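Only one structure is covered here, and it is reproduced in the block below.
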Amino acid sequence: MKKLSARRRHPLAAVVVLLLALAATGGLYTAFAPADKAQADTSAQSLAIDEGKKLYAVGCASCHGTGGEGSTDGPSLVGVGAAAVDFQVGTGRMPAQQPGAQVPKKKVIYSQAEIDQLAAFVASLGAGPNVPTEEQYNPEGADIAEGGELFRTNCAQCHNFTGKGGALTNGKFAPTLEDVDPKHLYEAMQTGPQNMPSFPDTTLTEKNKKDIIAYLDAVNSDDSESPGGLELGGLGPVSEGLFGWIFGLGGLIAVAVWVAARTAKAKKS
Amino acid sequence: MSTTTTPNPSGAGAPGRSREKAPAGEKIADWADGRLGIYSLAKANMRKIFPDHWSFMLGEICLYSFLIIILTGVYLTLFFHPSMNEIEYHGSYVPLQGQLMSEAFASTLDISFDVRGGLLIRQIHHWAALVFLAAMFVHMMRVFFTGAFRKPREVNWLFGFLLFVLGMFTGFTGYSLPDDLLSGTGVRFMEGAVLAVPVVGTYLSFFLFGGEFPGGDFVARFYSVHILLLPGIMLGLVVAHLILVFYHKHTQFAGPGKTNNNVVGMPLLPVYMAKAGGFFFLVFGFIAVLAAVASINPIWALGPYRPDQVSTGAQPDWYMGFSEGLIRVMPGWEINFWGHTLALGVFIPLMIFPLVLVAIAVYPFIEAWVTGDQREHHILDRPRNAPTRTGFGVAWITLYMVLLVGGGNDLWATHFHLSINTITWFVRVAFFVAPVLAFIVTKRICLGLQRRDKDKVLHGRESGIIKRLPHGEFVEVHEPLSQEAMHTLTAHEQYQPAEIGPTVDENGVERKVKGPQKLRAKLSTAYYGEDGQIPKPTAEEYKEITSGHGHH
């Protein structure tokens, strides 16, 4: 220690400290920065970016600006990441058809290859979440019950108990999650499209997301069972009440009319 | 045997015939009669006449669905644990395995998945409850629109109304028992309403839940209220309701041979026993099919209740929907003073809730006061012949429906692609405007129908046959109505508006007229004045028109 303190007034001491500080910062950055956000600029990647840029100029630039900087008609795409593009374009929400409270899901007009190119271009504008790999979103072996609890805690407020969707303010809505691709579910949680809050891995871990996807797969897909019979939309007491009135009481009144019409024979003879 | 020496007080056994020879059935009847005195009771009631009309069977639907609810409810109590102890679920429903939940919720899951026939019985119970309330609503409206609530049936009207209100709360407590996320939200809603009561709200809430919400008590408390207290009162009221129906005899629609002093129809035995018994099984069968086909309250999909969770689309069952609507459309006003908050946004709806119900309950008494009619009425009104009453009834239903729309505003928004805010504003305006419009429109329609009836009586039915007269004019031939039809159309009686009379007597002394009297005269004019009804055709008018002075 004495040696070090003796040289602390050396003319080069400041330089050494600076170098050490830089090395520490850089080292810490490489150690802790999310690795997937740093894009390696390989030649295939840059080709995809070029192609994506062309597609972007035709399909997206009118609202999001030529460089993705955004305009009054659309938000900036800098830093939204490839996952956001894959979700928005992959579910047909983008390109938007018309302005409105919310952009609804519609027919997908780009091929998956084109979507990937667009995603590569948008990702090149600024670091953002990547498109998840299949092993990230595949619900195989995930904990359904845990997913249900997470879903009720984080998602059901807007998407209903089993993801049948619900209303938000001023014409906005949380869409139904029925038969939504697991990849898109994952991306939506990751990026928080439109009115949805985003749930990055710090909030909902990769496993949490998988559990939620597994829960939705169990309760709200083509294969999910409804042990009680017709689901009536899974919307709760309103649709049940409507069904009870129309088919329950309506049917019973029809029966009553039928019974009343059958008067005793004594009257007729 | 010494039976021959004993006189037979009931007189049921024929004299000179020995007891040994009587058929077994007669012997049993005789035995029972000697101890219970059922003969005179049966004699008086077995041939009780009931009129035939499908709308008179709405009450039967209520009664039978009530019985179905009791029967299935007893089965459910065998397996339900009304406890809020937290346990880990290890039953057969995979998506909830390992979750913490109350015993109440877990036992409801067991009823649904592990008890034989449990799910079907649960669904019959719940569907029957929805149908019960809906049938009571329609039954009540039938009674209302036909004026069957008039003397001597006012008390029975109140019994019926009480049954409806108690049915609502029995339904609500039952819906809350499984302790699922949906019903828990409903109980939380109720807690909020209780808390909104000024000054004592907090105490009431702590009393109700045994401490801070949700506590560990409310399921057990609701359970005894749901299976014992309320159904007990309801059962008593149902019996009283039926006894009064028997005592008053059933009302009937006007028609030839039907008067205020008779009942035209079929006897209880054998016709109505067979019909009503058969109808019970039809209702049971129908509701069972409904329950077998359609899912209701799938608590496994809703999850166990936790106060930190909530789902969209959290609505009560339909009969509580109007209270949900009141809360949803009420602006969130509140007043703060000296550290206390008066949550008007909840308190005002809480006050309007009983008013909506009471409005329909007290109507019979208001009408009786306006007409001042002390007579008994056993002949039903056609709704068109009481335009003000019909208008009021439709206005009330309109208000109820508007509030139901408010209660389901989120589903209206998503299914009709509307803005939930717009719907809320629509409901706020419609709450005040729609009943008034409905009243005016209904009254006009009733008056139009009265005019049409008058026209039909005086000029006959349009036959659709066009005749050309010798001078070239085309006329449609009107066919005169049958005597019976004319009687039916003119059988109703029309009140004259009540008048206060001269306020100044012959000596010029002014008589004091009290406020209520003035109000009554005004109301009476509105009911029965020129704008309130079309004078029904008189015999003179009819004679003049049909006396053969060519056509009119």
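In the set (1) more than 30 Å from B:E367 (Cα to Cα); (2) modelled with pLDDT under 95; (3) part of a helix (DSSP H, G or I); (4) not assigned by TED's automatic domain parsing to the domain that holds B:Q483, the condition left unmet by B:L458 is number (4). For first residues located in the stretch A:139-163 and touching a residue at least 40 places away in the same chain (Cβ under 8 Å), partners that are among the acidic types (D, E) and open to solvent by 10 Å² or more (accessible area, probe 1.4 Å) and lie 6+ apart or on another chain with Cβ distances below 7 Å form the pairs A:P139/A:D217; A:G163/A:E178. The condition (being open to solvent by 30 Å² or more (accessible area, probe 1.4 Å) and outside any helix (DSSP H, G or I)) is satisfied by just one residue among B:I440, B:I465: B:I465.
Annotation: of all residues in the stretch B:272-285 being within 7 Å of another protein chain (Cβ to nearest Cβ) and within 20 Å of the chain's Cα centre (by Cα), the one that is modelled with the highest pLDDT is B:V283. Of all the numbered requirements in (1) in a helix (DSSP H, G or I); (2) under 16 Å from A:Y186 (Cα atoms); (3) at pLDDT below 90, A:F151 misses one, and that requirement is (3).
The condition of being open to solvent by less than 30 Å² (accessible area, probe 1.4 Å) and more than 25 Å from the chain's Cα centre (by Cα) holds for only one of B:L458, B:L403, that being B:L458.
When the stretch A:156-174 is filtered for residues that are at the interface with chain B (Cβ under 9 Å from one of its Cβ atoms) and part of a loop (DSSP other than H, G, I, E, B), the ones remaining, listed by number, are A:N160, A:F161, A:T162, A:K164, A:G165, A:L168, A:K172. From the list A:S198, A:S226, the lone residue that is out of contact with any Asp or Glu (no Cβ under 9 Å at 6 or more places or on another chain), closer than 21 Å to A:G90 by Cα, surrounded by fewer than 23 Cβ atoms within 10 Å (Cβ to Cβ) and free of Cβ contacts under 8 Å to residues at least 40 places away in the same chain is A:S198.
With respect to being of a type in the set (V, I, T), assigned by the TED database to the domain that holds A:P182 and open to solvent by 50 Å² or more (accessible area, probe 1.4 Å), A:T169 fits the description.
Look at A:A188 and say whether it is among the small types (G, A, S), in contact with a Gly (Cβ under 6 Å, 6 or more places away or on another chain), in a helix (DSSP H, G or I) and open to solvent by less than 60 Å² (accessible area, probe 1.4 Å). No; evaluated as a whole, the condition is false for this residue. Once the stretch B:250-271 is narrowed to residues that are of a type outside the set (A, V, I, L, M, F, W, C), part of a strand (DSSP E or B) and modelled with pLDDT of 85 or more, the residue that is nearest to B:T488 (Cα to Cα) is B:G255. When residues in the stretch B:74-93 are screened for being under 30 Å from A:D217 (Cβ atoms) and surrounded by fewer than 17 Cβ atoms within 10 Å (Cβ to Cβ), 6 of them pass. Of everything in the stretch A:118-138 that is in contact (Cβ under 8 Å) with a residue 60 or more places away in the chain and open to solvent by less than 20 Å² (accessible area, probe 1.4 Å), the residue that is farthest from the other protein chains (Cβ to nearest Cβ) is A:A120.
Please tell me if B:I69 is touching a Pro at 6+ places or on another chain (Cβ under 9 Å), in a helix (DSSP H, G or I) and more than 10 Å from every other protein chain (Cβ to nearest Cβ).
yes
Considering (1) open to solvent by 30 Å² or more (accessible area, probe 1.4 Å); (2) within 14 Å of chain B (Cβ to nearest Cβ); (3) acidic (D, E), the lone condition that A:D211 does not fulfil carries the number (1). Restricting attention to the stretch B:259-285, the residues that are open to solvent by less than 70 Å² (accessible area, probe 1.4 Å) and over 18 Å from B:M46 (Cα atoms) total 8. Sub-8 Å Cβ pairs linking a first residue in the stretch B:399-422 that is at the interface with another protein chain (Cβ under 7 Å from one of its Cβ atoms) to a second residue that is open to solvent by less than 30 Å² (accessible area, probe 1.4 Å) and in a loop (DSSP other than H, G, I, E, B), at least 6 apart or interchain, are B:G408/B:Q315; B:D410/B:T312; B:D410/B:G313; B:L411/A:L235; B:L411/B:G313; B:A413/B:S419; B:T414/A:G165, ordered by first then second residue.
The set of residues in the stretch B:317-344 that are over 21 Å from B:A413 (Cβ atoms) and part of a helix (DSSP H, G or I) comprises B:Y319, B:L344. Does at least one position in the stretch A:231-247 carry a residue that is within 10 Å of another protein chain (Cβ to nearest Cβ), among the polar types (S, T, N, Q), on the phi < 0 side of the Ramachandran plot and part of a helix (DSSP H, G or I)? Yes - at least one qualifying residue is present in the stretch A:231-247. Restricting B:L71, B:L96, B:L100 to residues that are open to solvent by 40 Å² or more (accessible area, probe 1.4 Å), assigned by TED's automatic domain parsing to the domain that holds B:L166 and in contact (Cβ under 8 Å) with a residue 40 or more places away in the chain narrows the list to B:L100. Every condition in (1) more than 7 Å from chain B (Cβ to nearest Cβ); (2) farther than 23 Å from B:G408 by Cα; (3) assigned to a helix (DSSP H, G or I) holds for A:G250 except the one numbered (2). Would you mind stating whether B:R520 is surrounded by fewer than 14 Cβ atoms within 10 Å (Cβ to Cβ) and touching a helix residue (DSSP H, G or I) at 6+ places or on another chain (Cβ under 9 Å)? No; evaluated as a whole, the condition is false for this residue.
Only one of B:D308, B:D317 is under 25 Å from B:T173 (Cβ atoms), of a type in the set (D, E, K, R) and open to solvent by 40 Å² or more (accessible area, probe 1.4 Å). Can you tell me which?
From the options B:D308, B:D317, the qualifying one is B:D308.
B:V394: more than 14 Å from chain A (Cβ to nearest Cβ) and among the aliphatic types (A, V, I, L, M), yes or no? Yes; evaluated as a whole, the condition is true for this residue. Restricting to the stretch B:108-158, count the residues that are in a helix (DSSP H, G or I), closer than 25 Å to B:T388 by Cβ and not charged (D, E, K, R). The total comes to 13. Within the stretch B:242-249, is there a residue that is part of a helix (DSSP H, G or I), farther than 30 Å from B:L268 by Cα and modelled with pLDDT under 95? Scanning the stretch B:242-249 turns up no residue that is part of a helix (DSSP H, G or I), farther than 30 Å from B:L268 by Cα and modelled with pLDDT under 95.
Evaluated against (1) open to solvent by 60 Å² or more (accessible area, probe 1.4 Å); (2) within 10 Å of chain A (Cβ to nearest Cβ); (3) β-branched (V, I, T), B:I233 falls short on exactly one condition, (2).
The values are calculated or read from the model by the stated rules, or taken from the named source; none is laboratory data. Remember, it's a predicted structure, so these values are computed and weren't measured experimentally. Cβ coordinates were reconstructed from backbone atoms using ideal geometry, including for glycine residues, and neighbour counts include every protein chain displayed. Each accessible area value is taken on the protein alone, full model and side chains, heavy atoms only, with ligands, DNA and RNA left out. Shrake-Rupley method; radii C 1.70, N 1.55, O 1.52, S 1.80 Å.
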